[in-house]
Structure formats: structure tokens, C-alpha cells
Amino acid sequence: KLEQIEIQISQTKLKVQNDSISYVASQLDKEIADFQLERIDSLYRLGYKALTDLEKARIKAQQANAKQTATKNDWLQNRNELISLKIEKSNTQSDFDNKYSKTSSDKYSTESEKYDTETAIAKMENQLRNYQVRQGFYIITAPQNGFITKLLVQGLGETIKEGQPIVSFMS
């Protein structure tokens, strides 16, 4: 869309340039027609020109004035169109930038959520391994084979120190 607008801007610039040239040419035509009207009017008053020549000069001056007004209107209209196209281009660029920023933001948010999820998974896996290791702590093995004859420390959740006798057994 930006490329299309850029092409339209280029075309409108050329129109503005052509209309500007036409407007300057019509200004010169009007000035010449006004000057000729003044000359023919003064010659008519002196009696050297006919009334028809004076009327033709007036018509030509009016036509030149009308042409100047029309070319000026075309020029101004195309200038306004050029300004509108530049504003449209700016708005289109802003819309694109906003959508791109939102998409980038969504992408980074998703990546952040992904890393948060991976962190949570790693934490849970670590917790599982810790539970598995702790589960092995509930089993106490004797240094030799035998039978337990007496419990020296009784109860659940009792704390024992390293090297403290727990049971007596016979081999």
C-alpha cells in the first residue's frame, strides 16, 4: 500500500508541476490580453480602432482571466491532493508501525511465557528428583545380615544422630 501511495504521490507531483506551469502561462496570457485591451481601448478613443476590435479584445481578456482562474483552481486542487496523499502515507506508515510493534510485543510475550513454563518444568523436575532421593532416606541398612531383636528408638518422625544406635540385632 505504501508503494501505491508513493506512486500516486509521484504522479500528483507531476500534475502539480504541470498545473503550475499552466498557471504561470495563463497569468502571462492574461497580462498580455489586459495590455492589448488597454492599447485597443486607447486607440478606440482616439478613433484609430473600431468598436468590434475593442469588443474582441475585451472577450479575449475575459477568456484569459477565466483560463487563469481555471488553471489556478486545478493547480491548488492537485496541491491539496498531494498533501492528502502525504498524510495518507504517514497514516499508513503509522498503522503499519503500530501493528508491527503489537506483533513484536505479542511475540516477546509468548517467548517470555515459554521461558517461564520451561523454568516451572525444570523446577518441578528438580522437586521430583529431591522427593525420589528423600524417599531413599527412609530405609536404613545394617552393615551385616541379621534379625532385629529390639528397637532402641521408637516413634514416627524421630530425629536421630549419626552413629546413634537405633536397633539391636542378631546375626
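Summary of computed values
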item	result
For the range 60-73, Karplus couplings with θ = phi - 60° (6.51, -1.76, 1.60), whole Hz, Gly/Pro x	5, 5, 5, 5, 5, 5, 5, 5, 4, 5, 5, 5, 5, 4
Helix-only mean residue ellipticity at 222 nm for the chain, each DSSP H run of n ≥ 4 adding -39500 (n - 2.57), per residue, nearest 500	-29000 deg cm²/dmol
Candidate lysines - alpha carbon under 22 Å from Lys107, same-chain residues fewer than 8 apart omitted	Lys99
18 Å Cα-Cα threshold exceeded, pairs from Lys13/Lys67; Lys1/Lys89; Lys30/Lys60; Lys1/Lys86	Lys13/Lys67
Separation of alpha-carbon centers, the range 105-171 and the range 12-56, rounded to whole Å	107 Å
FRET efficiency estimate (nearest 0.05) - Cβ-Cβ, Arg129 to Thr159, R0 25 angstrom	0.55
Accessible area (Å², 1.4 Å probe, nearest 10) - Ile148	120 Å²
Linear extension gain, Leu51 paired with Ser168, 0.36 nm per residue minus alpha-carbon span	27.3 nm
Rough spin-label spacing in nm, given labels placed 7 Å along Cα→Cβ, for Glu38 and Gln144	13.9 nm
Length released on extending from Thr92 to Glu111, taking residue separation times 0.36 nm less the Cα-Cα span	4.0 nm
Residues in the range 1-45 that a label on Lys99 would reach, taking backbone N under 12 Å of a point 7 Å out along Cα→Cβ	1-2
Relative contact order %, the chain, counting alpha carbon pairs below 8 Å whose residues are six or more apart	23 percent
Reported label for calculated volume of the Cα convex hull per residue in Å³ given (1) 106; (2) 187; (3) 124	(2)
Amide H contacts under 5 Å for Phe169, placed H, 5+ residues apart	Thr149
Amide proton proximity set for Lys49, modelled H, under 5 Å, gap of 5+	Tyr44
Within the accessible area of the range 53-101 (1.4 Å probe), percent carbon and sulfur	49 percent
Average accessible area per residue (Å²) across the range 103-171 - probe 1.4 Å, nucleic acids and ligands excluded	97 Å²
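The values are calculated or read from the model by the stated rules, or taken from the named source; none is laboratory data. Given the structure is predicted, the values throughout are model-derived calculations rather than measurements. Glycine also receives a Cβ, built like all others from the backbone with ideal geometry; neighbour counts cover every protein chain displayed. The protein model used for the area step is the full one, side chains on, heavy atoms only, and it has no ligands, DNA or RNA in it. Shrake-Rupley method; radii C 1.70, N 1.55, O 1.52, S 1.80 Å.
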